[in-house]
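Below is one structure; the comments refer to it alone.
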Amino acid sequence: MITHGLPNDPFWTIIQRGAHDAAKDFNVKLSYEQLTGSSVDPGQEARLLSAALVQNPQGIAVTIPDPHALGGPIKQALAKNIPLIAFNSGDNDYTKLGVQTYVGFDQTKTGQVAAQQMLARNAKDDICINHQQG
């Protein structure tokens, strides 16, 4: 599992814990890789994915915050017939890269529904928080 999560980020800490719990429950060996810096670096995630391909894993779960940076390693994984699942980000791009499965939600639709709900409640002073550092 390779993510664009940053160390000690509360959101990604929960994802990592869930992945490890699922691996234990299903008796699967899991390698969880995340960024090491203090800001999101799609190039670093692409390098992590390329390094994982050398190990010939039986499957990969990956986030796609930047399809241009991750497209090459994703296509390499698919060419090696390594099952690949995108999750969390990349909802608009995963099919363009040849990935068949995405776990997450349509971020555009989610934003539209949230705006509609705020308008329905006559909200006047709204704030939208992007939890992703960087």
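The values are calculated or read from the model by the stated rules, or taken from the named source; none is laboratory data. All figures in this text were calculated on a predicted structure; none of them were measured in a lab. Positions of Cβ are backbone-derived with ideal geometry, glycine not excepted, and every protein chain shown enters the neighbour counts. Calculation scope for accessible area: heavy atoms of the full protein, side chains included, ligands and nucleic acids excluded. Shrake-Rupley method; radii C 1.70, N 1.55, O 1.52, S 1.80 Å.
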(message) Filter the range 51-98 down to the residues that are among the charged types (D, E, K, R) and in contact with a Gly (Cβ under 8 Å, 6 or more places away or on another chain) and list them by number.
(response) Lys75, Asp91
(message) Checking the conditions here, which among Asp106, Asp91 is of a type in the set (D, E, K, R) and within 19 Å of Leu49 (Cβ to Cβ)?
(response) Asp91
(request) Determine whether Ser89 is within 18 Å of Asn130 (Cα to Cα), open to solvent by 70 Å² or more (accessible area, probe 1.4 Å) and small (Gly, Ala, Ser). (result) no
(message) Taking the criterion of being open to solvent by less than 50 Å² (accessible area, probe 1.4 Å) and either without any contact (Cβ under 8 Å) to a residue 60 or more places away in the chain or in a loop (DSSP other than H, G, I, E, B) (or both), would at least one residue in the range 124-132 satisfy it?
(response) no
(message) Out of everything in the range 65-76 that is under 24 Å from Phe105 (Cα atoms) and of a type outside the set (Gly, Ala, Ser), what residue ends up being most open to solvent (accessible area, probe 1.4 Å)?
(response) His68
(request) Would you be able to tell me the number of residues in the range 82-92 that are assigned to a loop (DSSP other than H, G, I, E, B) and within 12 Å of the chain's Cα centre (by Cα)? (result) 4
(message) So if I check each of Ala79, Ala46, Ala52, which one is over 13 Å from the mean Cα position of the chain (by Cα) and crowded, with 19+ Cβ neighbours inside 10 Å?
(response) Ala52
(message) Which of the numbered conditions does Gly71 fail, given that it passes all the others? Conditions: (1) part of a loop (DSSP other than H, G, I, E, B); (2) more than 13 Å from the chain's Cα centre (by Cα); (3) not aliphatic (A, V, I, L, M).
(response) (1)
(message) Against the definition (open to solvent by less than 90 Å² (accessible area, probe 1.4 Å), aliphatic (A, V, I, L, M), at pLDDT below 95 and closer than 20 Å to His4 by Cα), how does Val62 come out, yes or no?
(response) no
(request) Find the residue count for the range 46-68, including only residues that are free of Cβ contacts under 8 Å to residues at least 40 places away in the same chain, under 15 Å from Glu33 (Cα atoms) and assigned to a helix (DSSP H, G or I). (result) 6
(request) Go through (1) touching a helix residue (DSSP H, G or I) at 6+ places or on another chain (Cβ under 8 Å); (2) open to solvent by less than 40 Å² (accessible area, probe 1.4 Å); (3) in a loop (DSSP other than H, G, I, E, B) and name the single condition Val40 misses. (result) (1)
(request) Report, by residue number, each residue of the range 17-40 that is of a type in the set (Val, Ile, Thr) and under 14 Å from Met1 (Cα atoms). (result) Val28
